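Take a look at the structure set out below.
The values are calculated or read from the model by the stated rules, or taken from the named source; none is laboratory data. In this text, all values refer to a predicted model and were calculated from it rather than measured experimentally. Note that we place each Cβ from the backbone using ideal geometry, even for glycine, and neighbour counts take in every protein chain shown. SASA here: full protein model, heavy atoms, side chains in, ligands and nucleic acids out. Shrake-Rupley method; radii C 1.70, N 1.55, O 1.52, S 1.80 Å.
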Amino acid sequence: MGSTGADTFATEQEELTVLITGFSPFKKDYPVNPAWEIASRLRDYLPPVRAKKPYSPSDPILPPIRLLVHPEPVRVNYQVVRGLVPELWNLDSKEDAEGNTNGWGPKPTKIDFAIHIGMAGPRPFYCIERRGHRDGYALKDVDGEFLGDQNRRVKEGKDWVWDGVPKELLSDLDVDDVLERWKKHSPEGSDLRISEDAGHFLCDFIYFSSLAHLYKAGERRRVVFLHVPCEGSEAQLATGTGLAYQLIRSIAESEVVRRARTRKEAHEL
């Protein structure tokens, strides 16, 4: 039986690298932030195995998938996030004398895609966000500071960090395809959705920051935001960790298929 184009692509690529972040606690009512607890429990690699319930007979064989989790929770602070995001996307340009990147382990050759994880309110479902927002951040961060971009934008003009960036940016990942794959790979009854509003707080802010960074760099906006329920019990964290693995697998499959399709179309020109 012949290989699919996606299978061929997988064998030609040594590994995929996935950047993952999670936030620190920020509410007294929720001393444990499940976003960081889930991120910190992820292994260094996701084995390239087929799902028990394949999406279709042509599901791709995945290369090894390296999970590059930020070594500490991200503080729920606007300026911390604004300073951090460019560093996240430039990890491949920084290394120490031993070839490691700021405590992250071996230097990655590139970031294939990223997942920012954050806590939603008391709701039982998991959702991936389609879009991020530039404006509308009216809430104070964990340190009691407003974003202040309305004044900053007037004062800095064309030097403002998001000058020329649209009010909304969408992920270039095929979130509809990802959702279908995610549902197929996840336990029956899992409530998985796509959201169109990331909330205009730090979750939305870090997501838009990544989207805007890639937009300004002229790169594919290969990032998505995962909102998880606020419950921090061991059972819920185990469920969330398992669903995060399946989301990673689903995005990787979608990207491998997309790349194979793009290569095929280029060869047919």
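Rounded to 0.05, the FRET efficiency of the ILE194 and ASP135 pair, given R0 = 22 Å and the Cβ-Cβ distance, is 0.50.
Fully extending the segment from ARG82 to GLN150, taken as 0.36 nm per residue of separation minus the present Cα-Cα distance, adds 23.0 nm. State the Cα centre-to-centre distance between region 233-269 and region 200-216 in whole Å. What the calculation gives is 21 Å, centre to centre. Between ARG263 and TRP160, the simple spin-label model (points 7 angstrom out along Cα→Cβ) gives 4.3 nm. Solvent-accessible area per residue in region 178-269 equals 42 Å², computed with a 1.4 angstrom probe and all protein chains kept. Derived from the Cα gyration tensor, the three semi-axes of the equivalent ellipsoid of region 128-269 are 30, 24, 10 Å, largest first.
For region 240-247, backbone phi angles converted through the Karplus equation (6.51, -1.76, 1.60; θ = phi - 60°) give residue-by-residue couplings of x, 5, x, 5, 5, 4, 5, 5 Hz, Gly and Pro being listed as x. Label positions at LYS110 and LEU170, each projected 7 Å from the Cα along the C-beta direction, are separated by 2.4 nm.
Dividing the Cα radius of gyration of region 166-234 by 2.2 N^0.38 Å, with N the residue count, gives 1.26. Along the Cα-to-Cβ line of ARG220, 7 Å from the Cα, sits a label point; which residues in region 62-81 have backbone N less than 17 Å from it? Inside the label zone: 62-66.
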